[in-house]
């Protein structure tokens, strides 16, 4: 059985231009990566959990922001890892400078035996179509193509 994730594509209009909110993953692996590294806020759906509620929960956990509004289903997208990712778009706004993410632990540096904590998301940003397509991980580009 494949893993199912759910996410929210938050969007807004600025001066007649549509922008989407993307997040950059935290931790040492992603620290120096920018292009093809960003993502929509998303995460794994718990057993018997409603997928839209899971997407809202994950958005809040990764950003600290509560999203509400008219959620529009964009569909389910197969990711290169084999995961299925269900995505909803919703219009809204947030200040990336106010982002507060949950964290995770990992052994770092590798083979050191030392456990360190890192934010799951280290920053967020608003991007118009061309920049968003360059920033987002390749497996999520079909989501943006459908949205735009």
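Derivation of every value follows stated rules applied to the coordinates shown; laboratory data play no part. In this text, all values refer to a predicted model and were calculated from it rather than measured experimentally. As a convention, Cβ positions derive from the backbone with ideal geometry for all residues, glycine included, and neighbour counts pool all protein chains shown.
Brief remarks on what is shown
- GNM flexibility winner over the chain from 114, 19, 84 (Cα, springs under 10 Å): 114
- Sorted by Cβ neighbour density within 10 Å, fewest at the top, the residues 138, 32, 146: 32, 138, 146
- A helix-only calculation puts the chain at -5000 deg cm²/dmol for mean residue ellipticity at 222 nm, using -39500 (n - 2.57) for each DSSP H run of at least four residues, averaged over all residues.
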